[in-house]
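One structure is given here, and the rest of the page talks about it.
The values are calculated or read from the model by the stated rules, or taken from the named source; none is laboratory data. These numbers were taken from a predicted model, which means no experiment stands behind them. In this analysis, Cβ positions are derived from the backbone assuming ideal geometry, glycine residues included, and neighbour counts consider all displayed protein chains.
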Amino acid sequence: GNSVTQMEGPVTLSEEAFLTINCTYTATGYPSLFWYVQYPGEGLQLLLKATKADDKGSNKGFEATYRKETTSFHLEKGSVQVSDSAVYFCALIRPFFSGGYNKLIFGAGTRLAVHP
Amino acid sequence: NAGVTQTPKFQVLKTGQSMTLQCAQDMNHEYMSWYRQDPGMGLRLIHYSVGAGITDQGEVPNGYNVSRSTTEDFPLRLLSAAPSQTSVYFCASSEQGAYPTDTQYFGPGTRLTVL
């Protein structure tokens, strides 16, 4: 079946450190891949997405590249800030040709804490 | 433009009580859904709707009921609350739910505790 696996957290970094949060997926066909972010006390917000192999999604200094050969979509940021502290969710939507409503399948989430 | 709104933000229930979680969106989205968020499990789909009058089950529908009488509203009903339903509930909406490139917009969530 379709599933998403994320690295366990929490991830604790100092401000300006490099961030990587690993995400791998299992899916039939060619899913679209997403990163969502949840700030404390808020709902999820779309951070970035990629819809086909080798696509790079980017937003707010975050990047992730859709790697079909390794079935991965790792999230990276070159220099994190305290304001990046949040929970990050990797997700996929099963391929369009599966038909019906395309349901998001989420990973467990990774909590990031950035200290000054 | 308020986006997706949910009420209440917090709720405590006793086992066996019933209640309705409200969700509304003002973006004229056809697709709406309910998720629950539990520690270490990400978000799991409870029910979804592809338009007014049409609903279907997600991964974890047992113990929950939904209806969609208007495009704007998608309430979630707990018929007889159980401690296993203690969770954070998120409502989401999207414009093109049938397309893999679609973006879902989430509400701020309702934190429910069942004693």
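Looking at the structure I just gave you, is residue A:64 small (Gly, Ala, Ser), touching a Ser or Thr at 6+ places or on another chain (Cβ under 9 Å), away from chain B (no Cβ under 13 Å) and surrounded by fewer than 16 Cβ atoms within 10 Å (Cβ to Cβ)? Reasoning before the result, please.
Details: small (Gly, Ala, Ser): yes; touching a Ser or Thr at 6+ places or on another chain (Cβ under 9 Å): yes; away from chain B (no Cβ under 13 Å): yes; surrounded by fewer than 16 Cβ atoms within 10 Å (Cβ to Cβ): no.
The answer is no for residue A:64.
Modelled with pLDDT under 95 and of a type in the set (D, E, K, R): which single residue out of A:77, A:56, A:103 fits that description? So that I can check it myself, show each step before the final result.
Details: A:77 fails: modelled with pLDDT under 95; A:56 fails: modelled with pLDDT under 95.
After ruling out the rest, the residue left standing is A:103.
Please name all residue pairs, on different chains or six or more residues apart, with Cβ atoms under 6 Å, provided the first residue is in region A:39-54 and is free of Cβ contacts under 8 Å to residues at least 40 places away in the same chain and more than 10 Å from every other protein chain (Cβ to nearest Cβ) and the second residue is surrounded by fewer than 19 Cβ atoms within 10 Å (Cβ to Cβ) and in a loop (DSSP other than H, G, I, E, B).
Final answer for the pair search is A:53/A:68.
Could you run through region B:13-47 and say how many residues are away from every other protein chain (no Cβ under 13 Å) and over 16 Å from residue B:74 (Cβ atoms)? Don't jump to the end; show me each part of the working.
Residues of region B:13-47 away from every other protein chain (no Cβ under 13 Å): B:13-22, B:24, B:26-28.
Adding the requirement that they be over 16 Å from residue B:74 (Cβ atoms) leaves B:13-18.
Of the residues in that region, 6 qualify.
Output the number of the condition that residue A:79 fails; it satisfies all remaining conditions of (1) among the polar types (S, T, N, Q); (2) closer than 23 Å to residue B:48 by Cβ; (3) in a loop (DSSP other than H, G, I, E, B).
Going through the list (1) among the polar types (S, T, N, Q); (2) closer than 23 Å to residue B:48 by Cβ; (3) in a loop (DSSP other than H, G, I, E, B), residue A:79 breaks only (2).
Tell me which of these residue A:88 doesn't satisfy, since it passes every other one: (1) outside any loop (DSSP other than H, G, I, E, B); (2) within 13 Å of another protein chain (Cβ to nearest Cβ); (3) without any contact (Cβ under 8 Å) to a residue 60 or more places away in the chain.
Tallying (1) outside any loop (DSSP other than H, G, I, E, B); (2) within 13 Å of another protein chain (Cβ to nearest Cβ); (3) without any contact (Cβ under 8 Å) to a residue 60 or more places away in the chain, residue A:88 fails exactly one: (3).
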